[in-house]
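As C-alpha cells, the structure follows; a few thoughts come after it.
The values are calculated or read from the model by the stated rules, or taken from the named source; none is laboratory data. Bear in mind that the values here come from a model prediction, so they are computed numbers and not experimental data. Every residue, glycine as well, gets a Cβ built from its backbone with ideal geometry; the counts of neighbours run over all protein chains shown. Each accessible area value is taken on the protein alone, full model and side chains, heavy atoms only, with ligands, DNA and RNA left out. Shrake-Rupley method; radii C 1.70, N 1.55, O 1.52, S 1.80 Å.
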Amino acid sequence: MDAKGLACPMPIVKAKKEMDSLAPGQIMKLQTTDKGSMKDFQAWVNQTGHELMEARAIRV
C-alpha cells in the first residue's frame, strides 16, 4: 500500500482500511514518508494484535 506523502494519521487510517480487506494470513506491504510512522505502526500493531514482520527506514 502506498501512503507516501500522507501525514499522520492518514497512513494508519489507510492501512487499517486495507487490513480490513485482507484474508487471514495475507501480508500487506506499506510504504510511507511520514517521519512518525515507524513508531505509530509499531504501537498500532501491538494494540491490534497484528504482526509487524519488518520495519525499515530508508534514507534518500
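Within the range 17-27, if we keep just the residues that are in contact (Cβ under 8 Å) with a residue 12 or more places away in the chain and not in a loop (DSSP other than H, G, I, E, B), the residue that is farthest from Gln42 (Cα to Cα) turns out to be Glu18. Looking at Lys4, Lys17, Lys35, Lys39, just one residue is open to solvent by 50 Å² or more (accessible area, probe 1.4 Å) and touching a strand residue (DSSP E or B) at 6+ places or on another chain (Cβ under 7 Å), and that residue is Lys4.
Looking only at residues of the range 20-32 that are surrounded by fewer than 13 Cβ atoms within 10 Å (Cβ to Cβ) and hydrophobic (A, V, I, L, M, F, W, C), we find that the one that is farthest from Ile58 (Cα to Cα) is Ala23.
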